[in-house]
1. I want to verify the translational diffusion coefficient of the chain in µm²/s; compute it with Stokes-Einstein, Rh as the Kirkwood radius over Cα pairs, at 4 °C and 1.567 mPa s.
2. Apply the Karplus curve 6.51 cos²θ - 1.76 cosθ + 1.60, θ = phi - 60°, to the phi angles in the stretch 219-235 and return the couplings in whole Hz, x for Gly and Pro.
3. Could you give each residue of the stretch 150-157 its phi-based ³J(HN,Hα) in whole Hz, using Karplus coefficients 6.51, -1.76, 1.60 with θ = phi - 60°, and x for Gly or Pro?
4. Picking from ILE222, ILE23, ILE198, which is most flexible by a Gaussian network model of the chain using Cα springs under 10 Å?
5. Using only Cα atoms, figure out Rg for the stretch 83-147 and give it as a multiple of 2.2 N^0.38 Å.
6. For labels at LEU58 and ILE233 in the simple 7 Å Cα→Cβ model, what's the distance in nm?
7. Can you flag which of LYS141/LYS162; LYS141/LYS170; LYS183/LYS230; LYS60/LYS183; LYS141/LYS169 are past 26 Å Cα-Cα?
8. Between LYS41 and PHE140, what is the spin-label point distance in nm, taking each point 7 Å from the Cα along the Cα→C-beta axis?
Amino acid sequence: MKISVCMAAYNGENYIEKQISSILCQLKPDDQLVIVDDCSKDRTINVIKNFNDSRIKLLKNKFNYGVVATFERALSAAEGNIIFLSDQDDEWIDNKLSFITNFFASNNVDLIVHDAKIIRNGSIISNSLFSEIGSSGGFFKNLYSNSFTGSCMAFRKDILNKVLPIPIKKGIFHDAWIGILAKFYKFKIIFIPKTLIIYHRHNSNVSTMKRRSIYKIIPERINLIFSLIKRVIYGR
């Protein structure tokens, strides 16, 4: 079971070293950590190169394409048959990889979402991300409010045949797109209430846990729904 961990990086010099360290110590010699840098302006590239680890595959975008396109490039470079998504600023708990890979090996499942502990400025906000955002695998529930949190996801590579490419449109996020399409195509999905990462919140987070205005959400959901319909009907 070869593992590929896919990470999008951008101006992450303050966080990425700890995250990479927490991942590499769990990977086998033939696993890979694919990191795509989206034109960072800080020392992110140097921090990554300083690991000097052959398991790291570092790719650099020529332009700043944004988080979705950057994750898509990482996914396209993944060689493993089990793929983990990773943010640059979280931290894996020591048994994450072994727990998830053992679960895949002993259960008929295609996509796993696990729980996380939420921390801000060194203090615990919540011991369960699931409870904070109401995580569940319902198709219509996730159309309305996504709970496919990318940094808590792992899935079989076969799913990529159905979800790539990911449309670059406002309101379409790589994790929600992967999870919702996997659900539609009847891949076996499970949400496991086990904490396997520390989910750091800070002022530089790309994602937000704040409730937004319904007037902002509706146009984004329309984009998502029409893009999903187009993919299902036309395959693009």
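1. Estimated diffusion coefficient is 72 µm²/s.
2. After applying 6.51 cos²θ - 1.76 cosθ + 1.60, I find x, 5, 5, 5, 4, 4, 5, 5, 5, 5, 4, 4, 5, 5, 7, 9, x Hz.
3. Ordered by residue, 3J(HN,Hα) equals x, 5, 10, 10, 9, 7, 6, 4 Hz.
4. ILE222
5. Details: Rg = 13.7 Å, N = 65, 2.2 N^0.38 = 10.7 Å.
For the stretch 83-147, the normalised Cα radius of gyration comes out at 1.27.
6. Result for the modelled spin labels: 4.5 nm.
7. Numbers: LYS141/LYS162 21 Å; LYS141/LYS170 19 Å; LYS183/LYS230 16 Å; LYS60/LYS183 32 Å; LYS141/LYS169 21 Å.
Pairs exceeding 26 Å: LYS60/LYS183.
8. 4.5
Since every read-out is calculated from the coordinates, none of them should be taken as a lab result. Remember, it's a predicted structure, so these values are computed and weren't measured experimentally. Here Cβ is always computed from backbone atoms with ideal geometry, including for glycine, and neighbour counts include all displayed protein chains.
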